[in-house]
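The structure appears below as structure tokens.
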Amino acid sequence: MYYIKFIMKNNILKLIEYVYYLSLFLLFALYLFPGSLIGFLLHGDMSRELNLVDNPIGTSINHFFYFVYLTILASVCSSRKKIFFNNFYFIFLLSIILESSHLVIPNRAFELNDLFANIAGVVTIIMIKKILK
């Protein structure tokens with residue numbers, strides 16, 4: 001019975017790891033595409049962005065939610081394997097590098113609110129994890 005639980009847990013962790021790497025790929029695609037890929041797919045307009053929640057900071061909340069989600073996945077994966085792609089430093093640096101890439105990608109604009117939202121998403125999960133320990 002213990003062996004079956006171990007295999008099930010191991011398979012769930014593998015699935016989470018696959019979802020994490022797929023999410024990283026999606027993040028790269030969304031950030032490096034010249035224009036809003038989601039806006040193009042949903043509205044046929046590359047200049048329109050999806051706003052998940054009405055709020056005073058606009059679409060930056062999407063960045064916060066995605067980096068919270070990605071950091072949670074990285075946290076689960078880091079307990080399984082100790083590699084650089086699964087740790088908080090990687091996600092933190094990635095959030096800065098990808099937002100900074102908007103300085104050179106056509107039809108994209110670097111926004112300080114987006115950068116702060118990216119970093120806040122990562123730091124939020126780091127702080128929650130530290131509090132729970």
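The values are calculated or read from the model by the stated rules, or taken from the named source; none is laboratory data. Source: prediction; values computed, not measured. A quick note on method: Cβ atoms are made from the backbone with ideal geometry, for glycine too, and the neighbour counts reach across all protein chains shown.
A few remarks follow.
- Residue pairs meeting the criteria (Cβ under 8 Å; at least 6 apart or on separate chains; first loosely packed, with under 13 Cβ neighbours inside 10 Å, in segment 87-107; second part of a helix (DSSP H, G or I)): SER100/LEU115
- Yes/no for THR124 being of a type in the set (Val, Ile, Thr), modelled with pLDDT of 90 or more, under 14 Å from LEU24 (Cβ atoms) and surrounded by 13 or more Cβ atoms within 10 Å (Cβ to Cβ): no
- Whenever a residue of segment 10-36 is surrounded by 11 or more Cβ atoms within 10 Å (Cβ to Cβ) and in a helix (DSSP H, G or I), its partners that are at pLDDT 85 or above and of a type in the set (Gly, Ala, Ser), lying with C-beta atoms within less than 7 angstrom and at least six residues away or across chains, give the pairs TYR20/ALA74; TYR31/SER101; LEU32/SER101.
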